[in-house]
Amino acid sequence: MSEIPTPQESGVTPEFITQERLIVGSMREQKGRQEEALARARLRREQARNLGLHEHVVNFYWEECLIGKHYVMLARDEIKNPIQKGLVALRGLRRRSFC
């Protein structure tokens, strides 16, 4: 049975984790890349934990939280937009005279 390589053996360094934090933050802000950013944040959080980089671990948790907020905002917008469109249509009907 093969052993799992340590983060150092697999090329994961503190500098690499720092760069990955920036990449995840950038991906989070790009429309449609939240799922990819979330998977990457979770992977890098575990790698940071294995290296004992506690500040990075916390920051990757924050990234996951922010990605979750993006999901909530997207869901809110999907619900809100049809309702707003309906209200605009109703306002237009009120302004018209049918008699």
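Using the Karplus equation 6.51 cos²θ - 1.76 cosθ + 1.60 (θ = phi - 60°), what ³J(HN,Hα) coupling, rounded to whole Hz, does each residue of the range 18-33 give in order, writing x for Gly and Pro?
Per-residue couplings from phi come out as 4, 5, 5, 4, 5, 5, 4, x, 5, 4, 4, 7, 8, 4, x, 10 Hz.
Looking at the range 11-87, which trypsin sites (Lys or Arg not before Pro) are DSSP coil and have at most 11 other C-beta atoms within 10 Å of their C-beta?
Numbers: sites: ARG21, ARG28, LYS31, ARG33, ARG40, ARG42, ARG44, ARG45, ARG49, LYS69, ARG76, LYS80, LYS85; in loops: LYS31, ARG33.
Counting only loop positions with at most 11 other Cβ atoms within 10 Å, the trypsin sites (Lys or Arg not before Pro) in the range 11-87 are LYS31.
No value in this document is a laboratory result; all are computed from the given coordinates. All of these numbers come straight from a predicted model, not from anything done at the bench. Virtual Cβ from ideal backbone geometry, glycine too; neighbours counted across all protein chains shown.
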